[in-house]
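The block underneath contains the structure these notes are about, expressed in structure tokens.
FYI, it's all coordinate maths here, none of it is from the lab. All values reported here derive from a predicted model rather than from experimental measurement. When we count neighbours, we look across all protein chains shown, and the Cβ atoms used for this are built from the backbone with ideal geometry, even at glycine.
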């Protein structure tokens with residue numbers, strides 16, 4: 001049978017001090033507690049941990065913050081971005097002004113077309129007013145007619161002429177009355193009046 005090895009003494013620096021109580025010499029063990037046998041080790045009783053003390057809040061020291069530095073490169077970059085933004089705004093403004101000018105020109109063209117129509121209408125009215133027949137007709141309204149004409153006027157409360165009165169639009173002067181048969185009514189309805 002192999003011989004038992006003598007017990008080794010482990011390195012006590014790796015063992016916590018409260019576990020090393022069993023390895024104390026007899027003089028230390030007798031100071032406050034009963035002697036412990038070297039073969040048996042005692043475990044300490046679990047203790048209630050003390051409440052942790054609140055640590056004071058660390059205040060932010062402004063001196064510990066990094067200061068942004070303005071290097072030439074950053075200044076040139078910021079200036080370039082600012083210049084590009086101004087150029088972009090200028091370009092957008094000019095495009096907006098060009099679009100507004102185009103819209104205004106279109107409105108002026110439409111107004112010119114309307115004015116041309118008004119000028120043409122007024123010129124036709126001027127030629128009509130300067131026509132000899134219009135002058136004579138208007139003169140007759142004031143009683144200035146030709147020799148032998150008898151001026152007349154309708155009274156303000158005169159009744160409306162009958163539909164078959166001479167000179168009315170429904171009866172042509174000198175046109176014979178045509179009898180209407182049912183066949184003529186259907187033909188005029190389907191194909192229109194043959195007059």
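A few points about this structure:
- Extended-chain gain in nm, criterion 0.36 nm per residue less alpha-carbon gap, residue 17 and residue 98: 20.2 nm
- Gain in span if fully extended, residue 75 to residue 184, counting 0.36 nm per residue against the direct Cα distance: 29.3 nm
- With R₀ set to 22 Å, the beta-carbon distance separating residue 135 from residue 163 gives a calculated FRET efficiency near 0.10.
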